[in-house]
1. Give the interface area between chains B and A as buried accessible surface, both sides summed, probe 1.4 Å, in Å² to the nearest 100.
2. If you count, for every residue in A:208-218, the Cβ atoms of partner chains within 10 Å of its Cβ, what is the mean?
3. Residues of the range B:204-232 losing 30 Å² or more of accessible surface, assembly versus chain alone, probe 1.4 Å, please list them.
4. Please compute the modelled spin-label separation between residue A:271 and residue A:55, points set 7 Å along Cα→Cβ, answer in nm with one decimal.
5. Per residue, what volume in Å³ does the convex hull of the Cα atoms of the range A:56-190 enclose?
6. Averaging over every viewing direction, what projected area does the convex hull of the Cα atoms of the range B:91-166 cover, in nm²?
7. Quick check: net charge around residue B:149, other residues with Cβ under 12 Å of its Cβ, Lys/Arg +1 and Asp/Glu -1?
8. Sort B:249-256, B:156-163, A:6-13 by packing, meaning the average of other beta carbons within 10 Å per residue, with the highest value first.
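The values are calculated or read from the model by the stated rules, or taken from the named source; none is laboratory data. In this text the structure is predicted, and so the values were computed from the model without any measurement. Cβ atoms come from the backbone with ideal geometry, glycine included; neighbour counts cover every protein chain shown. Surface areas here come from the heavy atoms of the whole protein model, side chains and all, with no ligands, DNA or RNA. Shrake-Rupley method; radii C 1.70, N 1.55, O 1.52, S 1.80 Å.
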Amino acid sequence: MLHRREWVYGWLFLSPALLFLFAFTHYPALNTIISSFFSTPKGRRPAKFIGPENYQTLLQDEVFWKVLENNFWFAVGTIPISVALALAMALWVNSQLKGKTMARVAYFAPTVLPLIAVANIWLFFYTPGFGLIDQLRSGLFGLPAINLLGNPDTVLGAMIVVAIWKEAGFFMIFYLAALQSIPPVLKEAADIEGAGNFYYLRKVVIPLLMPTTLFVSVNAVINSFRLVDHIFVMTEGGPDNASSLLLFYIYETAFQYWQTGYAATLTVVMLLLLSVLAIGQFFLFDRKIHYR
Amino acid sequence: MQTNITRPKWHHPGRRLMPDFDTVLNTFAMWVLAFLWALPLLYAIWTAFHPAAYETRFVLTAPLTLDNFVKAWEAAPFARYFFNTVILVTLILICQFILCTLAAFAFARFKFPGSSILFTLVLLQLLVMPDILIVENYKTIRALGLVDTIVAIGLPYIASGFGIFLLRQTFMTIPKELDEAARVEGASFLSLLWNVYIPLAKPTYLAYGLVSVSHHWNNFLWPLIITNSVETRPVTVGLSVFSAIDAGLEWSVINAATLMTSGPLLIAFLLFQRQFVQSFMRAGIR
């Protein structure tokens, strides 16, 4: 009797959340896959089944490959550095060093800012001839003005710097939480054994932080696909798509060229990449985590 | 308790008084990085509070001014944008609290067939976020006739997998004896939830609330897609529209607008930075 009641109540309590969850996450995810096999509806002409045609277009779409490559380099450039910096920040902020409270504020503040505001601030830095970077270059070294955002070779690097600045402080929080859960006894034991700070860090702290590193890395990968706001302000994907990322290209395809069928195909690629990366990272880190 | 362990001989007690090389180096590096990290923001603050002539001239005697803020405020309907954002984050937060609380309670306390599969489906949202499903969600919102409304900005986010997960973890730590006692007294599930579970989970609500508000205050892509009028635009979209105008706006004015839009969160963060950091930490522990 009671079990039956729990059954009903369980579903009753769950249903409002599930309704919205399915409507805006699971249904659209599945529908993306279906839409990717259909043409884009135009005016009175409804979408019609075209099989793998969108995928053939995809394979021949140079912009798609360019954007994918950008996203790869963006992730490679952003993730290791921001995770490493986050660890360093957390170790410092968690120590007894002078001024650690100020440092914590400085590290974490960019996390609170909207990415769109961050982009505005950095855009000013990068403005050729006038921005702070060029002012320093000409003022201190007498170098000519450079257009970091206007050059296909440097634009992605400039974006990576912005992303690292925005994200490292956020990841620091997770390391900080993990560091505070390490029992102080371990440090005492290490001191008694005469182990140096660096040895203790390398052999005790970093292995213990492995689950956090996994968690932070998965988040960093997702973020490298999810965060594209800064592109709208800084470059709009240019020059020559050199700074465009996959989600930005999806946005352009769907809401500027109104090719929703093809945009769905691009989204399928995004979904696939996210799943593969998440699974892959899990297995990659799995062995090292059991170290403890 | 004082440790009575005798220190090894090479560990001379006097060494503790002098900061060793290691500490000096670490302090120095920490400060350099903190300075680098603070620089962009300090610079934006500098330009926003000084006349345009001092944008790249750093002299301490530069006159302070609020003109840039006044100009920005007058050049675009920021009051309306702020109003929209406040409505938006409040709406999302209330709906998230209600939906996530009910769902988390169901997962934490009821045994019913399919609960583990459903929970996996909830967790799936941590990977496949509504942020990347913009094409299909736009179709849904259009079919509902809700394009260009504040409700439409919030709808995809109100059933938050993260919120459900976080609250479920908290609810699971509440001892079952407590609700059995309440059940014996004939309390309904809803009053049990209201009188026992929610009060005990207050820190989690605070943590989740801060994370949610700052996330949705800062959200940009989806609001950009789904809104196209002053009456619905949140501040982030308003800011991007404002700074995209080719009216030859001065940088100091744009920076003032930028600071203005992030101002409330930034001030809240500076005032309550310990709580902020702890909330994010609490929300991050899994």
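1. Details: alone 18310 and 18090 Å², together 28090 Å².
Looking at B and A, the buried total is near 8300 Å².
2. Numbers: counts 0, 0, 0, 1, 3, 0, 0, 3, 1, 0, 2.
For this peptide, the per-residue mean of nearby foreign Cβ atoms is 1.
3. B:218, B:220, B:221, B:224, B:225
4. In this crude spin-label approximation the distance works out to 1.3 nm.
5. Working: hull volume 24.1 nm³, N = 135.
Per residue, the Cα convex hull of the range A:56-190 comes to 178 Å³.
6. 5.6
7. Values: positive: B:142, B:233; negative: B:148, B:231.
That sum, taken over residues with Cβ under 12 Å, equals 0.
8. Details: B:249-256: 22.8, B:156-163: 24.6, A:6-13: 17.4.
Highest to lowest by the protection proxy: B:156-163, B:249-256, A:6-13.
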